[in-house]
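What follows is a single structure, written as structure tokens, with notes after it.
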């Protein structure tokens, strides 16, 4: 099983099945609360990002293909250490690719241009080669993401679930090596995060 397959399983478990929560802007076709129609999300595939899809009819295979094409490939997931790929991939899905990549670049102390290129990859390699470097990079990345999330107006209504997700992500990223994902599965974490 590839790193994408394992990371996809973790992320899609966090995303869950169909929901149509009207306080979530991603559930609206207009990308804002009460703008357009509330068609919801399924497996994290949102009405706001996929106007052409009948969201309740999206299959797991549909979601996997979309995730690979629109997120994993665009962040260069195969070029990143798995622990970093997990965090950037999950963030790209929730907050946009550009924002996720800029958080990574800020955490790695490189210019934030929103593109994972040779300089970003070199900085990540240098950081993750140091003892504890992967953990430090992951922690800084998650701190960037948390700061952004808590600034959102909808933090009051969705924040607890997001915080749980971030803790699960931290735990999973720490369970990964630079070559493969460890046997840290979302179902084994649910008891301590819910």
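Here residue 132 clears all of (1) surrounded by 15 or more Cβ atoms within 10 Å (Cβ to Cβ); (2) under 14 Å from residue 173 (Cβ atoms) except the condition numbered (1).
What are the residue pairs meeting all of these: first residue in the range 1-12, first residue on the phi < 0 side of the Ramachandran plot, second residue part of a helix (DSSP H, G or I) and modelled with pLDDT under 90, Cβ atoms under 7 Å, and 6 or more apart or on different chains? That search, which allows pairs on different chains as well, returns 10/186.
Contact map, the range 126-143: first residue in contact (Cβ under 8 Å) with a residue 40 or more places away in the chain, second residue part of a loop (DSSP other than H, G, I, E, B), Cβ cut-off under 9 Å, separation 6 or more or different chains; pairs are 128/81; 128/178; 134/81; 134/177; 134/178; 137/81; 137/108; 141/108. Of the helices (runs of 4 or more DSSP H) lying entirely inside the range 109-194, the ones with 2 or more residues being modelled with pLDDT of 95 or more are found at 118-129, 133-150. Restricting the range 10-19 to residues that are touching a strand residue (DSSP E or B) at 6+ places or on another chain (Cβ under 9 Å) and surrounded by fewer than 18 Cβ atoms within 10 Å (Cβ to Cβ) leaves a set whose member that is nearest to residue 77 (Cα to Cα) is 16.
Only residues in the range 41-57 that are over 11 Å from residue 16 (Cβ atoms) count as the first member; pair them with residues that are surrounded by fewer than 16 Cβ atoms within 10 Å (Cβ to Cβ) and at pLDDT 90 or above, Cβ under 6 angstrom, at least 6 apart or cross-chain, and list the lot. Within 6 Å, the pairs are 56/18.
The set of residues in the range 20-40 being surrounded by 14 or more Cβ atoms within 10 Å (Cβ to Cβ) and touching a strand residue (DSSP E or B) at 6+ places or on another chain (Cβ under 6 Å) consists of 20, 26, 27, 28, 36, 38, 40.
The values are calculated or read from the model by the stated rules, or taken from the named source; none is laboratory data. Being a predicted model, the structure only gives us computed values, none of them experimental. Note that we place each Cβ from the backbone using ideal geometry, even for glycine, and neighbour counts take in every protein chain shown.
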